[in-house]
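Below: the structure, in structure tokens.
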Amino acid sequence: MIIKKEGKINEIIYENTTYHSGKYSFFPIITNLNRILEKIIESKSTTEYIRITPFYRNERVDMQIEFEEYMFYIECRENLKEKEVENHLLDCLDTHYETITIKEIEMGKILYPLCKYDDAEQFGFSFKKYRQYLDELLPVLFETAKIKMQLKDDDLAFGYFCFEVHSG
């Protein structure tokens, strides 16, 4: 049983990722994820955290691949200092400052944003950037899935992206 958490955003996620009164959860496809993101942006509120993990499922070959390294994770905190944001980014990217590329930094800023609890505008802006980034990210993930799952052209029509969405 999935517990319904307090708050506007947690309610949006619960209502859009569970069924049978929270007995079961489902993983939205890109269209449904976009609707969820739009509702979150329109709510003009924040929550403790939201985690969105993409995965690709192919029914014909009965396989799926999860892309944890491209998980979106936004966290809200009471106080936020510049050094905290930098350290958070490096922790999430799991790399050292000396070896990080500009592209990785830009990706990290989109995938692992931090914001203040009372900054609903920045919170919503982070979701807008993530939604735009998905247009660039999903084709890359699709190519990775094709290679790792050794998919043939005939298999492609049986595949789709889904997203595991959690909040707190």
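The values are calculated or read from the model by the stated rules, or taken from the named source; none is laboratory data. Quick caveat, the model's predicted, so the values are computed rather than measured. Counting neighbours? That spans all protein chains shown, and the Cβs are built from the backbone with ideal geometry, glycine included. For the accessible areas, the whole protein counts, side chains as well, though only heavy atoms, and no ligand, DNA or RNA atoms are used. Shrake-Rupley method; radii C 1.70, N 1.55, O 1.52, S 1.80 Å.
Summary of values
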read-out: Between the stretch 73-92 and the stretch 1-23, the Cα center-to-center distance that results, in Å; value: 27
read-out: Helix-only mean residue ellipticity at 222 nm for the chain, each DSSP H run of n ≥ 4 adding -39500 (n - 2.57), per residue, nearest 500; value: -14500 deg cm²/dmol
read-out: Residue-span extension gain [Gln132 to Ile2] - 0.36 nm each, minus C-alpha spacing; value: 43.8 nm
read-out: Glu59 accessible area, 1.4 Å probe, all protein chains in place, Å² to nearest 10; value: 90
read-out: Segment Glu59-Glu38, length gained on full extension (0.36 nm per residue, minus Cα span); value: 4.7 nm
read-out: Mean projected area (nm²) of the alpha-carbon convex hull when the chain is viewed from all directions; value: 10.8
read-out: Contact order normalised by residue count of the chain, Cα under 8 Å, 6+ apart, percent; value: 35
read-out: Those trypsin sites (Lys or Arg not before Pro) in the stretch 88-168 that DSSP places in a loop and that have at most 15 other beta carbons within 10 Å; value: Lys152
read-out: Qualifying chymotrypsin sites (Phe, Trp or Tyr not before Pro) for the stretch 4-45 [loop in DSSP, other Cβ within 10 Å: at most 16]; value: Phe26
read-out: Total formal charge among the other residues, if their Cβ is under 13 angstrom from that of Leu111, Lys/Arg +1 and Asp/Glu -1; value: -3
read-out: Label-to-label distance, nm, for residues given as Lys81 and Glu48 (7 Å Cα→Cβ offset); value: 2.4
read-out: Entries of Lys39/Lys81; Lys83/Lys103; Lys129/Lys152; Lys83/Lys148; Lys8/Lys81; Lys44/Lys109 with Cα pairs more than 30 Å apart; value: Lys129/Lys152; Lys83/Lys148
read-out: Cα gyration tensor of the stretch 2-101 - equivalent ellipsoid semi-axes, whole Å, descending; value: 28, 22, 11
read-out: Å³ per residue enclosed by the Cα convex hull of the stretch 72-137; value: 79
read-out: Relative contact order of the stretch 73-168, defined on C-alpha pairs under 8 angstrom at six or more residues apart (%); value: 29
